[in-house]
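A.B. asks: Please find one structure pasted underneath; my questions will follow.
Please treat every number below as a calculation from the coordinates, not as lab data. Predicted model, so just to flag it, every value in this text is computed and none were measured. So basically every Cβ, Gly included, is an ideal-geometry build from the backbone, and we count neighbours across all protein chains shown.
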Amino acid sequence: MISKNNSALAQISNRKSVMTLFNDPDSIYSHMTRIVLFEKGISIQICDVDMAQPPEDIVEINPYCTMPTLVDRELIIYNYRLVMDYLDERFPHPPLMPVDPVLRAQYRLTLLRFEQDWFSLLKFFDNENQKIVKQAKVDLLNQIMLSVDIFKASNFILSDDFSMLDCVVAPFLWKLPEFEIELPRSMKSIKNYIARVSERESFMASLSKIDFISDD
């Protein structure tokens, strides 16, 4: 059972007995991590953090003050990739990464491609220069278009089985309307992928209140 508690102080004081995820409800990276939690049915407490006014406790345990941040007893992890990998290894069933080292390397290279070609453009979306913002959105749509074949090959990314790649990519694609990016008809395979993933129980459970409000 996954529960929520908005008191960061309470969660840190209890971290020796209960695993805690400090979570930004509006963060794509926190959303990625939540999907992993629900895919695996991990018993954990989720503490929502207001990044406009992060608690001093978070600043103390995470020098970068980034979300998500995972506290598991004395262990503190604050990079989303490290958090997701840790959860997948600590709770190995169901596995979200291939056992075969060659396939695992292929998955990691694909994830690196998404990070460098897609996620790296997010930093321009908050720029005060609207020309820069507009160009970044055009560049992102072009990069997504270059990846369309990946979504045609199987039900999920690189496989018919839901994996860590899907945990990472699905929240990003889900947020495209919020970024005012509309996929053209030629990207039907990606639209079908988004619809397929959004019907998964774990994805629906991972949606925050902000996600629900933004879709109304």
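A.B. asks: Condition first: β-branched (Val, Ile, Thr) and over 17 Å from LEU122 (Cβ atoms). Now tell me which residues in segment 141-182 satisfy that. Can you show your working first?
C.D. replies: Let us first name the residues in segment 141-182 that are β-branched (Val, Ile, Thr), namely 144, 148, 150, 157, 168-169, 181.
Once the filter is applied, which keeps residues that are β-branched (Val, Ile, Thr) and over 17 Å from LEU122 (Cβ atoms), segment 141-182 yields VAL148, ILE150, ILE157.
A.B. asks: If we scan segment 129-144, do we find a residue that is under 30 Å from GLN45 (Cα atoms), of a type outside the set (Phe, Trp, Tyr) and surrounded by 13 or more Cβ atoms within 10 Å (Cβ to Cβ)? I'd like the intermediate steps shown before the answer.
C.D. replies: Here is the first cut: in segment 129-144, the residues under 30 Å from GLN45 (Cα atoms) are none.
No, every residue in segment 129-144 fails to be under 30 Å from GLN45 (Cα atoms), of a type outside the set (Phe, Trp, Tyr) and surrounded by 13 or more Cβ atoms within 10 Å (Cβ to Cβ).
A.B. asks: May I ask you to say which residue of PHE125, PHE203 is within 24 Å of THR33 (Cβ to Cβ) and in contact (Cβ under 8 Å) with a residue 60 or more places away in the chain? Before you say what the answer is, go through the steps one by one.
C.D. replies: Values: PHE125 fails: in contact (Cβ under 8 Å) with a residue 60 or more places away in the chain.
Exactly one residue qualifies, and that residue is PHE203.
A.B. asks: Consider VAL138 carefully, then state whether it is part of a helix (DSSP H, G or I), touching a residue at least 24 places away in the same chain (Cβ under 8 Å) and among the aliphatic types (A, V, I, L, M). Outline the logic, then answer.
C.D. replies: On the way: part of a helix (DSSP H, G or I): yes; touching a residue at least 24 places away in the same chain (Cβ under 8 Å): no; among the aliphatic types (A, V, I, L, M): yes.
The answer is no for VAL138.
A.B. asks: Still on this structure, please answer the following. What is the number of the single condition among (1) over 25 Å from LEU176 (Cβ atoms); (2) touching a residue at least 24 places away in the same chain (Cβ under 8 Å); (3) in contact with a strand residue (DSSP E or B) (Cβ under 8 Å, 6 or more places away or on another chain) that ASP57 does not meet?
C.D. replies: Of everything listed in (1) over 25 Å from LEU176 (Cβ atoms); (2) touching a residue at least 24 places away in the same chain (Cβ under 8 Å); (3) in contact with a strand residue (DSSP E or B) (Cβ under 8 Å, 6 or more places away or on another chain), ASP57 misses just condition (3).
A.B. asks: Got at least one residue in segment 158-177 being more than 22 Å from GLU39 (Cα to Cα) and of a type in the set (Val, Ile, Thr)?
C.D. replies: Quick first cut of segment 158-177, residues more than 22 Å from GLU39 (Cα to Cα) only: 176-177.
The next check asks that each one be of a type in the set (Val, Ile, Thr); those that pass are none.
The answer is no; no qualifying residue exists.
A.B. asks: Across segment 176-200, what is the total count of residues that are surrounded by 16 or more Cβ atoms within 10 Å (Cβ to Cβ) and among the charged types (D, E, K, R)?
C.D. replies: 2
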